[in-house]
Amino acid sequence: MLLTRSGAISARRRPAWCSVSSIALVSLAVVLASACGTRGSTASPGGSTATGTASASASAAARDPATTASARATSSGSSQSGGVSRFSAEPPAASLAAEGGDPVTGQLGSFEWNGGGSDGPWLPGAVLAVGSGERLTVTVADGIGIGEWSAHRVVAGTTDGTGATGLGGGGAPIAFAAPVPGIWSIQVTVRFADGLGSAAYYWRLTVR
């Protein structure tokens, strides 16, 4: 304020650019403050939502026994070695061995397995040489249980089992003595445990 000669008080005018600059600075400060506030409020809910969703999912899985059991079953199933024969189209292989000898896998004949089956003649069998009276054992692969079994022999070359002579039978394990000297076709019929089915296996024995 200035005091004029007439004693009146008059106001000193400020330059116009000062007012414009002040308004511009205030506007810029408001815009920046608004932008910072918006960015903070947007990030926070998003982070809270993601964290909350993950925590809720984990809690739900922990409370749901079915989910836990399913996960364990899947893990257990995947840890097992593939090709368990109870789920295959054919029954497991069977091998015959004399004491101290190498096992020989038998020929698979007629069988019933996993809802299917095959019916065939008496087969010649896998070749094996043993001594008369030796203890012979048959092992079924894949750990499939044995309900009962029976073993028979015929002269090699027979295709219908005519004149078959019994060599033994019963429950597990499968074991019987080699027959008298000669060349024989041996049939071992196995009925598997748990109602899985049955199968006939064949070997051609040269008995000394």
Rounded to the nearest 0.05, what FRET efficiency is calculated for Ile183 and Asp102 with R0 set to 30 Å and r the Cβ-Cβ distance?
0.95
Roughly what would the spin-label model give for Glu112 and Thr158, points 7 Å off Cα along C-beta, in nm?
2.4
Under a plain spin-label model, where a point goes 7 Å from the Cα along Cα-to-Cβ, how far apart in nm are Phe87 and Asp194?
1.2
Dipole size in debye (nearest 20) for the stretch 91-207 around its Cα centre, Lys and Arg Cβ +1, Asp and Glu Cβ -1?
240
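FYI, it's all coordinate maths here, none of it is from the lab. Nothing here was measured: the structure is a model prediction, and the numbers come from that model. Glycine gets a Cβ as well: all are built from the backbone with ideal geometry, and neighbour counts include every protein chain shown.
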